[in-house]
Amino acid sequence: MTPETPGLHHVTAIAGDPQRNVDFYVDTLGLRLVKKTVNHDDPGTYHLYFGDGEGTPGTNITFFPWTDEGRPGQFGTGQTETTAYRIPPKSVDYWRDRLESRDVAVDVADRFGETVLRFEDPDGIGLELVAAGEAQRASDSASGESNATPWTEGPVPAEHQLRGFYGVTLAVDSIEATAAVLTDVLGYELEDEVDGRRRYRSAAGGPGSIVDLVETDVGRGRMGVGTVHHVAFTVKNVEEQEAWREAFADHGLSPTEVIDRKYFQSIYVREPGGVLFEMATTGPGFAVDEDPAELGTELVLPEHLEDERERIEAQLPPFDDPTVDASD
């Protein structure tokens, strides 16, 4: 029997300038830079992780900053349209004011009875903050999940900090094939449909359990700066991953072998609509090579790249670690 996933583990995107990326996600959104490492498949590129106070799975958005010389991406089918975070209903005005004070254009919408703040990061990646309604709060309660761990030294007051992922919106040319993977393999259930947007929720429930599907006719997207590279779902351990590999294969898809990403183990599979899915374990976590109090303060490398540290550091563009003013 295929295990259930509670929802999102992380989302990985491609940024331009790393300094601009860090400034926005730390100083504006109040996320903690919990890990500064490199892309294991391209060690000449950073891999930056931003999350809650501990880098809890389900809170981390990660980036490969290609610098402003990197190839621009183009949004289209087979891509993630938006990544959404949860905020308390009382925090809507705080976040609208905070974003607008930093010259971030914000659109306020009502979707499925919830208030949604829509905006883009400096590279054009679509983001949303969702004031979770009764359905989401009930799902959180039923799953026994708690809110994200506050970052006590962050620039956003604890009562307004992002509470981890709400969900993602995937854009495809035809919903049905992607929907079949969500329901038949991942165990998601169709919850609602409004104006062509289909909402699916993980049967296990909890934070990050939403996947919305929308259709677009703008043509196939092109990966590059300003686009999402992949969406990762949470699994408990490698044993579960083997069950997922079998389930994807039974659905006619071609999952990878299990790959060691140091902070978690992963498999990857491209669903029929073109979106790259990852199944990532909850552990061992970011404290395997840094003290929890020092997360993200130094460049850390996987063991097999330590002998190349000098060469790798020379290739990477420098950026300043964000300075945090808790009184902001």
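The values are calculated or read from the model by the stated rules, or taken from the named source; none is laboratory data. Here the structure is a predicted model, which is why all the values come from computation and not from measurement. Methodologically, a virtual Cβ is constructed for each residue, glycine included, from the backbone with ideal geometry; neighbour enumeration extends over all protein chains shown.
Find the residue count for segment 256-305, including only residues that are in contact with a Leu (Cβ under 8 Å, 6 or more places away or on another chain) and part of a helix (DSSP H, G or I).
2
Where the second residue is assigned to a loop (DSSP other than H, G, I, E, B) and polar (S, T, N, Q) and the first is over 20 Å from residue 31 (Cα atoms) and lies in segment 312-323, which pairs have Cβ atoms under 7 Å and are six or more apart or on separate chains?
Close Cβ pairs (under 7 Å, with a partner that is assigned to a loop (DSSP other than H, G, I, E, B) and polar (S, T, N, Q)) amount to 317/67.
In the list 103, 23, 110, 27, which residue meets the criterion of being of a type in the set (D, E, K, R), assigned to a loop (DSSP other than H, G, I, E, B) and surrounded by fewer than 23 Cβ atoms within 10 Å (Cβ to Cβ)?
Values: 23 fails: assigned to a loop (DSSP other than H, G, I, E, B); 110 fails: assigned to a loop (DSSP other than H, G, I, E, B); 27 fails: assigned to a loop (DSSP other than H, G, I, E, B).
Among 103, 23, 110, 27, only 103 is of a type in the set (D, E, K, R), assigned to a loop (DSSP other than H, G, I, E, B) and surrounded by fewer than 23 Cβ atoms within 10 Å (Cβ to Cβ).
How many residues, within segment 177-206, are under 22 Å from residue 113 (Cβ atoms), touching a Pro at 6+ places or on another chain (Cβ under 8 Å) and not in a strand (DSSP E or B)?
Residues flagged as under 22 Å from residue 113 (Cβ atoms), touching a Pro at 6+ places or on another chain (Cβ under 8 Å) and not in a strand (DSSP E or B) within segment 177-206 amount to 2.
May I ask you to list the residues in segment 222-245 that are more than 21 Å from the chain's Cα centre (by Cα) and either free of Cβ contacts under 8 Å to residues at least 12 places away in the same chain or within 30 Å of residue 21 (Cβ to Cβ) (or both)?
239
Pairs under 9 Å by beta carbon, first residue free of Cβ contacts under 8 Å to residues at least 60 places away in the same chain in segment 161-178, partner aromatic (Phe, Trp, Tyr), six or more apart or different chains?
Once the first residue is free of Cβ contacts under 8 Å to residues at least 60 places away in the same chain and sits in segment 161-178, no partner that is aromatic (Phe, Trp, Tyr) comes close enough.
For residues that are of a type in the set (A, V, I, L, M, F, W, C) and exposed (fewer than 10 other Cβ atoms within 10 Å of the Cβ), scanning just segment 288-323, find the one that is farthest from residue 67 (Cα to Cα).
Restricting attention to segment 288-323, the residues satisfying the condition of being of a type in the set (A, V, I, L, M, F, W, C) are 288, 293, 295, 299-301, 305, 312, 314, 316, 319.
Among the residues that remain, those that are also exposed (fewer than 10 other Cβ atoms within 10 Å of the Cβ) are: 293, 314.
Details: 293: 28, 314: 15 Å.
Looking at the filtered set, the residue picked out is 293.
Would you be able to tell me the number of residues in segment 194-221 that are over 19 Å from the mean Cα position of the chain (by Cα) and either of a type outside the set (A, V, I, L, M) or buried (at least 22 other Cβ atoms within 10 Å of the Cβ) (or both)?
So the answer is 9.
Does residue 168 qualify as being in contact with a Pro (Cβ under 8 Å, 6 or more places away or on another chain) and either surrounded by 17 or more Cβ atoms within 10 Å (Cβ to Cβ) or at pLDDT below 95 (or both)?
Details: in contact with a Pro (Cβ under 8 Å, 6 or more places away or on another chain): no; either surrounded by 17 or more Cβ atoms within 10 Å (Cβ to Cβ) or at pLDDT below 95 (or both): yes.
The answer is no for residue 168.
Say whether the condition of being part of a strand (DSSP E or B), among the polar types (S, T, N, Q), over 19 Å from residue 155 (Cβ atoms) and more than 18 Å from the chain's Cα centre (by Cα) is met by at least one residue in segment 66-73. First the steps, then the outcome.
Of the residues in segment 66-73, the ones part of a strand (DSSP E or B) are 72.
From what is left, the residues that are among the polar types (S, T, N, Q) are none.
No.
How many residues are within 16 Å of the chain's Cα centre (by Cα), in a loop (DSSP other than H, G, I, E, B) and either without any contact (Cβ under 8 Å) to a residue 12 or more places away in the chain or at negative phi (or both) if we restrict to segment 30-60?
Count: 7.
Filter segment 212-234 for residues that are within 18 Å of residue 62 (Cα to Cα) and either in contact with a Cys (Cβ under 9 Å, 6 or more places away or on another chain) or part of a strand (DSSP E or B) (or both) and give the result. Walk me through it before giving the result.
Keep residues of segment 212-234 that are within 18 Å of residue 62 (Cα to Cα), which gives 223-234.
Those that are within 18 Å of residue 62 (Cα to Cα) and either in contact with a Cys (Cβ under 9 Å, 6 or more places away or on another chain) or part of a strand (DSSP E or B) (or both): 225, 228, 229, 230, 231, 232, 233, 234.
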